[in-house]
Amino acid sequence: MSDLLLVRHGETAWSVSGRHTGRTDVPLTAHGVEEAISLAPFFRDHHPALVLTSPLRRAAATAELAGLSGGVADPDLYEWDYGGYEGITTAEILRERPDWSLWTDGVPPGGPEHPGENAAQVGARADRVLARVADLLHADGGNVVLVAHAHLLRVLTARYLGLPPEAGRLFLLRTGTFSVLSREHGLPVVAGWNTSP
């Protein structure tokens, strides 16, 4: 069976400051560009059968800089829609809602461009991505690479492992890293996590 490789995009100004960055199209910082380029040697030796990216430029740029040309934009790989919390830090939210958790409480709506999502909705998108790549992975048709965002990839990992979407909270994912989801004895496993060259 082939592996599913997950790449979190490189650093952005909002990831540095801890601002929730869902659909806002924030570019990579200079350090984020360096992080993406540092992934290229790993992917030079791997020839994925399919590369899917989030439509946002921070993910698409990371794919290109890492040598993953020809990536196909997949709208199901957008980051969690943070609704009314778009651009707000967790610390700011906790001042108003001390017991708040993105994973269990979701977000308030933020208008037409940011209606917001809960974990189940993000999980449904992750399930659609996993269903689209399942045949390729099971047929050992080559590795599949997904270049996207932290919370989406964390939820996708939980769903790959058969866990509820909220279990994505267990998988901290740093910028400019790749992770490997695989199978052992027919069961889904995490074969590598937060790897940086």
* Structure fact -> Looking across the range 7-21 at residues that are among the charged types (D, E, K, R) and within 17 Å of E35 (Cα to Cα), the single one that is nearest to the chain's Cα centre (by Cα) is R8
* To do: List every residue pair whose Cβ atoms sit under 9 Å apart, with the two residues 6 or more apart in sequence or on different chains, where the first one lies in the range 33-44 and is without any contact (Cβ under 8 Å) to a residue 24 or more places away in the chain and more than 14 Å from R58 (Cβ to Cβ) and the second, anywhere, is outside any helix (DSSP H, G or I) and aromatic (F, W, Y).
  => none
* Spot the failing condition for F42; the list is (1) of a type in the set (A, V, I, L, M, F, W, C); (2) surrounded by fewer than 16 Cβ atoms within 10 Å (Cβ to Cβ); (3) modelled with pLDDT under 95; (4) in contact with a Pro (Cβ under 6 Å, 6 or more places away or on another chain), and only one is missed. => (2)
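I'm trying to understand the selection: among the residues of the range 136-167, which are assigned to a helix (DSSP H, G or I), of a type in the set (A, V, I, L, M, F, W, C), in contact (Cβ under 8 Å) with a residue 60 or more places away in the chain and surrounded by 18 or more Cβ atoms within 10 Å (Cβ to Cβ)?
First pass over the range 136-167, keeping only residues assigned to a helix (DSSP H, G or I): 136-138, 150-160, 165-167.
Then keep just the ones that are of a type in the set (A, V, I, L, M, F, W, C); that gives 136-137, 150, 152-153, 155-156, 158, 167.
Filter again for in contact (Cβ under 8 Å) with a residue 60 or more places away in the chain, leaving 136-137, 150, 152-153, 155-156.
L137, A150, L152, L153, V155, L156 - these are the residues of the range 136-167 that are assigned to a helix (DSSP H, G or I), of a type in the set (A, V, I, L, M, F, W, C), in contact (Cβ under 8 Å) with a residue 60 or more places away in the chain and surrounded by 18 or more Cβ atoms within 10 Å (Cβ to Cβ).
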* **Filtered residue count, the range 1-54, keeping only those that are under 14 Å from G67 (Cβ atoms) and assigned to a loop (DSSP other than H, G, I, E, B)** => 6
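The values are calculated or read from the model by the stated rules, or taken from the named source; none is laboratory data. All figures in this text were calculated on a predicted structure; none of them were measured in a lab. So basically every Cβ, Gly included, is an ideal-geometry build from the backbone, and we count neighbours across all protein chains shown.
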